[in-house]
1. If a/c stays under 1.5 just call it rounded; otherwise compare a/b with b/c (prolate if a/b is bigger, oblate if not). Do that for region 236-332, with a ≥ b ≥ c from the square roots of the Cα gyration tensor eigenvalues.
2. Can you list residues whose amide H is under 5 Å from residue 148's amide H, if they're 5+ apart or on another chain and H is modeled 1.01 Å from N?
3. Write down the accessible area per residue of region 144-203 in Å², having rolled a 1.4 Å probe over the full set of protein chains.
4. Might you report the magnitude of the Cβ-based charge dipole of region 354-416 about its Cα centre, with Lys and Arg at +1 and Asp and Glu at -1, to the nearest 20 debye?
5. Accessible area of the chain with a 1.4 Å probe: how many percent of it is carbon plus sulfur?
6. Percent relative contact order of the chain, based on C-alpha pairs within less than 8 angstrom and at least six residues apart?
7. Roughly what angle does helix 164-178 make with the longest principal axis of the chain, taking Cα atoms, 0 to 90 degrees, to the nearest 10?
8. With everything on Cα atoms, drop me the angle between helix 315-324 and the longest principal axis of the chain, reported from 0 to 90° to the nearest 10.
Amino acid sequence: MATTMSTLRAVRRRWAGARERRRSTRTEVCVIGPGKAFLSGVTYHTYGLVTALAEHRPTQVVVLRNLVPQRLYPGRDRVGADLTHLRLPPDVARVGTVDWWWGAALPHAVARLVARPPAVVVVQWWSAAVWHTELALVLAARARGARVVIEVHELMDTAEERHPLAGLWSRTLAPLLMAQADRVVVHNVGDQAEVVRRYGVRRSHVAVVAEPPFDHYDLRTADDVAADGATARDDDAPIELLFFGTIRPYKGLEDLVAAFEVLASSSDDDGDGDGPEHRLTVVGETWEDWSGPAAAIRRSPHRDRIRFVNRYVTDEEVDQAFRAADLVVLPYRRSSTSGPLMVAMSYGLPVVITSVGGLPEAADGYDGAVLVEPGSVDRLVDGIRKAEPLVGVHHRAGRSWADVAEEHEALYRAIGVGCRA
């Protein structure tokens, strides 16, 4: 009996060694993330990451198309609309396109993952609505020896967290999916601590990879940027403030509207031309029926100086909004990270942000950032005035998608993934 058991253990070791050798020769990375139908900041991140990784090694993608029943999605009216020029690189293989109801698409994607297993699967974690799909795909890839990296953008969406059914769904699936991770990627140290606390992941296995500026909207050439920078700004021109992004309770837009009232009234009261005039542009789609900011704009005695674009806009409109802006203001009450901040930094604009969550870390080293306390109209007014001398200067961000790809590469090597092709 002892001889038989020893023989079985030796056979298992040989099988395990052979599987490890086969796995170590693979170089492909497969990214699982959202497509363009339910367009969001995580879509832009996914496409940016895939494009950057494809510069290093063979890259595959599984696109999560319809995330939830359309009637349940806050942006239901624009689902599937052609709003972006995002495209995957031509050499990126599409393993499959899967919807929340699965159908035949999930078995097809699983079959392809099993037939041609990648060395590492990178899972985008942001919404509980997709965790059942991601778990099925991850289990299939792991069965064929793939390593798993989970990239956390938000531990759980605030609206989902408040919903009883979504909360139960999260508490059931989140630990199962997180348990499959060989490494976890977060964007700031606060989320790193929260992943360790919630899921018991070893801190050494949670890597902080800061997001780069989102430069996909800005279609200007280097010469265009240089020409814009060479154009002198009229000191008497109004200062154009911009709020960009979905309008939700935690975004604090009502604080900005109140701060704008103070600034506009102050410039009117001066009457001597010393104080600059301010104008405000708000570009964003309302979520969670958060109508307070829209009502405040309608009531404003200075609404003739406010431009309100209350919808999800095209890439071209985003570009126009940021090029017209002098100063971006993001008065969040809470936040893990911020796509609009990344966009503002890509345009080199000064930005006033609140010191919540991962925002100070995201703006660290960016000389165009002014931080203020959250939830205070007076502090927000002071922050905007402090940022006014920064207007008209092109500020530079220190990171790029190439930096992100290199940090991912280091992470893959740490978990035994073969060298890049």
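The values are calculated or read from the model by the stated rules, or taken from the named source; none is laboratory data. Because the structure is predicted, anything quoted here is derived from the model rather than measured. Cβ: placed from backbone, ideal geometry, glycine included. Neighbour counts: every protein chain shown. Note: accessible area is taken over every heavy atom of the protein model, side chains too, but ligands, DNA and RNA are not part of it. Shrake-Rupley method; radii C 1.70, N 1.55, O 1.52, S 1.80 Å.
1. The shape class here is oblate.
2. 121, 182, 183
3. 47
4. Numbers: 6 positive and 11 negative charges, 25 e Å.
With Lys and Arg at +1 and Asp and Glu at -1, about 120 debye.
5. C and S fraction of accessible area: 52 percent.
6. Working: 745 pairs, mean separation 67.7, N = 421.
It rounds to 16 percent for the chain.
7. Roughly 50 degrees between the two axes.
8. So the helix axis and the longest Cα principal axis differ by about 40 degrees.
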